[in-house]
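Read-outs: derived from the displayed coordinates by stated rules, not from any lab. Keep in mind the model is a prediction, meaning the values are calculated, not measured. Ideal geometry is used to build each Cβ from the backbone, glycine not excepted, and the neighbour counts take in all protein chains shown.
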């Protein structure tokens with residue numbers, strides 16, 4: 001990290017640290033969340049920082065940390081084979097379609113990143129915006145708020161200029177941070193293809209129409225000629241160039257711990273279905 005104001009993201013060069021790039025893998029929702037947590041422990045303990053790209057298999061509804069489980073249509077998710085997990089990050093629920101979603105995480109020690117939340121978002125979203133440029137998608141941070149349509153759904157909340165990315169006036173990416181005492185996890189979802197009907201069907205008790213959803217949300221496939229493979233490669237390449245990361249993989253120990261964490265926490269009802277007042 002270069003010298004200068006620790007809150008000035010433009011003064012920070014992350015490339016002089018050890019990073020590993022883990023190319024797109026398919027994991028369950030619970031494992032994806034567990035792997036982020038284990039990667040944070042690795043970075044905090046002096047191991048490599050991690051940038052990773054991943055697919056949710058099966059398709060997963062991820063609840064925000066304080067999300068009310070009553071907002072989920074549990075019967076639909078069970079019938080359709082959609083997993084439900086809960087993130088450490090806040091915000092509303094996101095339906096991560098196995099085909100239509102491209103997700104990434106950036107994990108590093110907290111001391112190496114800006115202490116200001118806004119500056120940290122600005123820094124860590126740099127490769128996300130670069131990935132969109134590589135796909136010829138004219139995307140940038142939201143610069144104006146849209147009225148909230150449905151609070152439980154992340155993509156239908158009011159836009160935030162720190163972490164919501166839009167293209168053609170519609171949301172195309174959401175990003176969130178979990179700041180531990182020793183590490184920062186930023187993960188995000190880039191929409192490749194919009195499935196408004198299926199996304200909305202994972203929620204209970206609303207009257208939002210698919211047309212209304214599509215008026216607010218767009219996908220990479222609507223904004224450019226990029227295939228999903230192109231989109232994955234763009235995100236991987238942007239992350240690798242930004243960090244100067246070497247291609248890497250999980251250790252056997254990390255995978256074992258992640259599987260235990262997934263089973264004991266991220267797939268457990270007392271985590272996924274816990275009510276906000278119980279936290």
Identify which of 92, 188, 81 has the largest mean-square fluctuation in a Gaussian network model of the chain, with springs joining Cα atoms closer than 10 Å.
81
Rounded to the nearest Å, the spacing of the alpha-carbon centers of region 155-175 and region 224-246 is 20 Å
Does region 168-233 come out rounded, prolate or oblate, given a ≥ b ≥ c as the square roots of the eigenvalues of its C-alpha gyration tensor, rounded meaning a/c under 1.5 and, failing that, prolate meaning a/b above b/c?
oblate
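When only Cα pairs under 8 Å and 6 or more residues apart are kept, what is the percent relative contact order across region 72-208?
35 percent
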Of all DSSP beta bridges having both residues in the chain, the percent classed as antiparallel (nearest 5) is 70 percent
Reduced to Cα centres, the span from region 107-121 to region 31-83 in Å works out to 21 Å
With viscosity set to 0.890 mPa s at 25 °C, what whole-number translational diffusion coefficient in µm²/s follows for region 34-142 from Stokes-Einstein and a Kirkwood radius over Cα pairs?
153 µm²/s
Segments 253-263, 193-203 sorted - mean Cβ within 10 Å per residue, highest first:
193-203, 253-263
Extension gain (nm, one decimal) between residue 160 and residue 197, 0.36 nm per residue minus Cα-Cα:
10.9 nm
Relative contact order (%) - region 9-271, alpha-carbon pairs under 8 angstrom, separation at least six:
27 percent
Which three extents, in angstrom, do the Cα atoms of region 57-107 have along their principal axes, listed largest first?
34, 26, 12
Which order do 216, 275 fall in if you start with the one that has the fewest other Cβ atoms within 10 Å?
275, 216
Distance in nm between pseudo-label sites at residue 118 and residue 263 (7 Å out along the Cβ direction from Cα)
4.6 nm
Which Rg and Dmax, in Å, describe the Cα atoms of the chain?
17.7, 54
Likely footprinting exposure, 242, 27, fewest C-beta neighbours within 10 Å first
27, 242
Neighbour-count ranking for 190, 129 (other C-beta within 10 angstrom, fewest to most) reads 129, 190
Under 1.5 on a/c is rounded, so check that first for region 149-279, then, if it is not, pick prolate when a/b is larger than b/c and oblate when it is not; a ≥ b ≥ c are the square roots of the alpha carbon gyration tensor eigenvalues.
oblate
